[in-house]
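One structure is given below, encoded as structure tokens.
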Amino acid sequence: MILEHAVLPVKEGQERQFESAFAQAKAIIAQAPGFRRLTLSRCVERPAAYLLLVEWDRLEDHTEGFRKSAGYQEWRRLLHHFYDPFPDVEHYEPVPGA
């Protein structure tokens, strides 16, 4: 299992529109092969910042499968214009025995 981690810096004043667009985008990513689940959380101290955590079966399910799909193009269209700056995305794997 791979955990994708991204802090999404949404432009101030566009939080509600972002959340509405994300609700649509969630259905797109949920159809991607290797997708397990996701959570989107809003920062208490910085309300325009969101934490996106996505679980994938394998790293390639995200980096190769989803990002090179037609669904990702729709995901981009719905969400990417909300970010300033564009978020860094990192991937994590479980630590055995931790």
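Values quoted throughout were computed directly from the atomic coordinates according to the rules given, and no laboratory measurement underlies them. Keep in mind that what you see is a predicted model, and the values were worked out from it rather than measured. Cβ sites come from the backbone with ideal geometry, for glycine too, and all protein chains shown count toward neighbours.
How much FRET efficiency would the formula 1/(1 + (r/R0)^6) give for T39 and K68, where r is the Cβ-Cβ distance and R0 is 30 Å, rounded to 0.05? Display every interim value, and only then the final one.
Working: r = 24 Å, r/R0 = 0.80.
Step by step, r from the Cβ atoms, then E = 0.80.
Counting other Cβ atoms within 10 Å, which GluC sites (Glu not before Pro) in the range 30-61 have at most 14 and lie in a DSSP loop? Present the calculation step by step, with values, prior to reporting the outcome.
Details: sites: E45, E55, E60; in loops: E45.
In loop regions of the range 30-61 (DSSP not H, G, I, E or B), the sparsely surrounded GluC sites (Glu not before Pro) are E45.
Once Lys and Arg get +1 and Asp and Glu get -1 on their Cβ, which of Q24, H91, L38 lies farthest toward the positive end of the dipole of the chain?
Farthest along the dipole direction, towards plus: Q24.
For the range 1-67 and the range 75-98, what is the separation of their Cα centres, given in Å?
So the two Cα centres are separated by 7 Å.
On a 0 to 90 degree scale, rounded to 10, what angle separates helix 15-29 from the longest Cα axis of the chain?
30 degrees
Can you tally the net charge around V89? Count Lys and Arg as +1, Asp and Glu as -1, for every other residue whose Cβ sits under 10 Å from the Cβ of V89.
Spelling it out: positives minus negatives among the neighbours equals -2.
What's the magnitude of the charge dipole for the chain around its Cα centre, counting Lys and Arg as +1 and Asp and Glu as -1 at the beta-carbon? Answer in Debye, nearest 20. Walk me through the numbers on the way to the answer.
On the way: 12 positive and 15 negative charges, 68 e Å.
Result for the chain is approximately 320 debye, rounded to the nearest 20.
Run through all the Cα pairs of the range 2-92 and give the fraction in each 10 Å bin from 0, expressed as whole percent.
The calculated distribution, bin by bin, is 17, 54, 27, 3.
Report, in deg cm²/dmol and to the nearest 500, the calculated mean residue ellipticity at 222 nm for the chain, where each DSSP H run with n ≥ 4 adds -39500 (n - 2.57) and the sum is divided by the residue count.
-8000 deg cm²/dmol
How far is helix 70-79 tilted, in degrees, relative to the longest principal axis of the Cα atoms in the chain, given as a value from 0 to 90 rounded to the nearest 10?
Long axis of 70-79 versus the principal axis of the chain: about 30 degrees.
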